[in-house]
Amino acid sequence: MPPTEPHSGEGVDGAGPRVHERHAEASGPPSGDTDAQVRTAELTACRGRANVGTLEAPLRRRSTARSAMAQECARCILTDEVPGVVIGADGTCSVCKGHDARHGDWPRIRARRAAEFEGLLRAARRAGRTYDALVPLSGGKDSTYVLYLARRVYGLRTLAVTYDNGFLTPHARKNITRALDALGSDHVMVRLGWPLQQALYRHFFLKTGFFCPACMSGIGYAIDTAAASHRVPLVLTGTSQRTEEHVAPEFFVPSSPDFYRVVVEDAPLREQSPIPLSVPWGRRIANKFPLPLRVRFYWGTTVNAPDYLDWDYDAIFETIRREVGWEAPTADAEHSDCAVDPAVNHIRQRKYPAVVPELTRFSKLVTLGKMTKEQARQRVAEARTSGEPAAVGTLLQALDVSREQFEAVLADRGRHLPFLARQYGVKAGVRKVVRSVLGGRGEEDGGDRSRPA
């Protein structure tokens, strides 16, 4: 049985048809500023060669070849002990520099981006479908706020979708119900049977050292299933590289059909799971067209609201508490929708001691100018806990993983790297064939890397 209370069924609360998202926060491409000088170069160099040594060596060097004394960024609170962080000669880290390079012009372009967002919403309305937008709803702060914007501010006809990953917290379930009741959105709940969901979690954890990609793949499946069923033109999420914390491939693996496929390809789960192993060709073709055309004539086009709108968390918390009665265990709880999120943070810190809980989150707020370094250090100190969180025991029991298996996985922190290498090899091969047949330009020869996938 799943570790949380069973769902009472679909179509509850009388809000219309109900087909989550573990993070609507994480339903789009998981983000976080990358190290443009080191990480991108290393991973790009590895693409096209399914050679784990090529990928693993630079990551291992970067994690072990540290100075005796960690150096902290002059601007944020990340140190060069955190994977993916390089401190430059001016004392500023690569994460802050990457943020400025990609998003430093936000004050100048914010009005234009807001106008572009409204243009996409007009295109969705003109599509004339039953719903204008699909909103992945986890009960977390970002997804709740996106639903509020869609319904209350922009007046869209929305279908919310929740992926029940087996670890939804009581807080999340209550927040989902409150949001739906307050905002009047239709809703669909998608869930795999627990034996299959458990098998996916267990397989991913023992094979790669990460279990979250199994959940994120399920989120993508729920979104695509709901969007395709109703031909919903637009998928609105609350995730964005502009607002999300730093992640690196050492301690975070974003899910993708390619990664999912290479992990399950030799397992019976390949045939048992309904989660697709590749992106449909129709979507691949549609993705070549400008966003307004995709929204107008296709379905399921993802738009990340923070890419277009100001995203002030103080204002967001105040708004969703006042307007929909949103609650969290603490005043600004992060990922309060997942019962085993403390276990995720514990596993991450066991593998990389410098990545302490909440460090990357509060450091990002410093980069954004929303918090001082002193405030961030204090918040990180408050988040520190001694010993192993109870969520680890919950996770091991739910996944039927022994303590010995758990410790073996943590001791092999590069366990996922062969799968990353194979994933990049597949992608590079496909790009090479397409370029040779169509004469197109890819990333390696000057193509547009900024175009949404």
### Query
R0 = 25 Å: FRET efficiency of Lys370 with Ala89, Cβ-based, nearest 0.05?
0.40
## Note on the structure
So for R0 = 35 Å, FRET eff. of Arg126-Ala315 from the Cβ-Cβ r, to 0.05, ends up at 0.70
### Task
Take the alpha carbon atoms of region 366-420, find their center, do the same for region 135-211, and report the distance between the two centers in whole angstrom.
22 Å
### Query
Under a point spin-label approximation (7 Å from Cα along Cα-to-Cβ), what is the Glu271-Arg284 distance to one decimal in nm?
2.5 nm
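Could you rank the peptides 255-262, 231-238 by their average count of other C-beta atoms within 10 Å per residue, with the highest value first?
Details: 255-262: 21.6, 231-238: 25.8.
The densest-packed peptide leads the list: 231-238, 255-262.
I need the peptides 408-419, 155-166, 195-206 ranked by packing, meaning the mean over residues of other C-beta atoms within 10 angstrom, with the highest value on top.
155-166, 195-206, 408-419
Send over the per residue convex hull volume for region 136-272, Cα only, as a whole number of Å³.
It is 129 Å³ per residue.
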### Relative packing of peptides 245-253, 367-375, 380-388, 129-137 - highest average C-beta neighbours within 10 Å first
129-137, 245-253, 367-375, 380-388
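For Ala111 and Glu382, what is the calculated FRET efficiency with R₀ set at 56 Å and r taken between the beta-carbons, to the nearest 0.05? Each step should come with its number before you reach the end.
Numbers: r = 37 Å, r/R0 = 0.66.
Calculated transfer efficiency: 0.90.
Could you give the semi-axes, largest first, of the ellipsoid that matches region 268-425, computed as the square roots of 5 times the alpha carbon gyration tensor eigenvalues and rounded to whole Å? It would help to have the intermediate numbers written out before the result.
Numbers: eigenvalues 197, 166, 58 Å².
With the √(5λ) rule applied to region 268-425, the semi-axes are 31, 29, 17 Å.
Since every read-out is calculated from the coordinates, none of them should be taken as a lab result. Computed from a predicted structure; not experimentally measured. Counting neighbours? That spans all protein chains shown, and the Cβs are built from the backbone with ideal geometry, glycine included.
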